[in-house]
Amino acid sequence: MSITDGLLTGAAPLWFHALFALFLLLALWRLPWGVLLGNRHLQHLFFGSTVALTLLWTLRAGISPGLGIHFLGMTTLTLMFGWDLAIISATLALLGVTGVGLESWQGFGFNGLCTILLPALASLGILRLVEARLAKNFFIYLFCCAFIGAAVAVALAGLAAALLLWGLDVYPWDRISQEYVMLLPLIMFPEGLLNGILMTGMMVFYPDWIRSFNARIYIDDQ
């Protein structure tokens, strides 16, 4: 989100840090430590995805501080690893982009909530809805969970960030709307397409990489 030092004032940064830390601790507690530590292939996949996400987050555009737009990739991470591992992986990526100066430490909690937690939970919610309401079909999973899920996730993340910046009186709504909100529809389709392409490749060639995808149910039983 390109949060710079001094953009968030008062106690707001501390509240964001504390709230994100609570969910991070929950993710660490839920983490399948035995599986992660005992599976070298999963470790390579986890750290490789983290590096790839860090590089993806270095590509961004925007005008004013806090109103930057970039690909999230959280839907793919969530479908691959589950929300717990996805949050840990993305937090490590956020540490990376913050460490090189693309984000500020003051905005770490804000970024964590808007670009990590909310998209991960939105992707998980759409996955659960699709599993409960729709048929177990390869294309339904791909289109609804990957493409639509990613588009919805980036839209919710952007709207949450916009509303928080407006509520904290960082920028007037007119400026946020013109420089940020109006651009969200333009990033929704590319975000969905990116996640859709990544998921398609893995579903076809490496279905065992995806924790939420059972090829025997979605393909073999059709």
Task: Restricting the stretch 186-206 to residues that are in a helix (DSSP H, G or I) and free of Cβ contacts under 8 Å to residues at least 12 places away in the same chain, the residue that is surrounded by the fewest Cβ atoms within 10 Å (Cβ to Cβ) - done: Phe205
Task: Subset of the stretch 29-66 [open to solvent by 60 Å² or more (accessible area, probe 1.4 Å), among the aliphatic types (A, V, I, L, M) and either assigned to a helix (DSSP H, G or I) or touching a Ser or Thr at 6+ places or on another chain (Cβ under 8 Å) (or both)] - done: Val35, Leu37, Val51, Leu55
Open item on the list: I'd like the full set of residues that are open to solvent by 30 Å² or more (accessible area, probe 1.4 Å), more than 16 Å from Ala93 (Cα to Cα) and part of a helix (DSSP H, G or I), limited to the stretch 1-27.
Closed with: Leu14, Trp15, His17, Ala18, Leu19, Leu22, Phe23, Leu25, Leu26
Task: Matching residues in the stretch 163-182 - criterion: being buried (at least 18 other Cβ atoms within 10 Å of the Cβ) and in contact (Cβ under 8 Å) with a residue 60 or more places away in the chain - done: Leu165, Val170, Tyr171, Ile176, Glu179, Tyr180
TODO: State whether one or more residues within the stretch 147-156 are in contact (Cβ under 8 Å) with a residue 60 or more places away in the chain, surrounded by fewer than 19 Cβ atoms within 10 Å (Cβ to Cβ) and touching a Phe, Trp or Tyr at 6+ places or on another chain (Cβ under 9 Å).
DONE: no
Open item on the list: Yes or no: the stretch 94-104 includes at least one residue that is open to solvent by less than 30 Å² (accessible area, probe 1.4 Å), free of Cβ contacts under 8 Å to residues at least 60 places away in the same chain and hydrophobic (A, V, I, L, M, F, W, C).
Closed with: yes
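The values are calculated or read from the model by the stated rules, or taken from the named source; none is laboratory data. None of these values were measured; they are calculated from a predicted model. Note that each Cβ is placed from the backbone with ideal geometry, even for glycine, and that neighbours are counted across all protein chains shown. When the accessible area is computed, the model is the full protein with side chains, heavy atoms only, and any ligands, DNA or RNA have been set aside. Shrake-Rupley method; radii C 1.70, N 1.55, O 1.52, S 1.80 Å.
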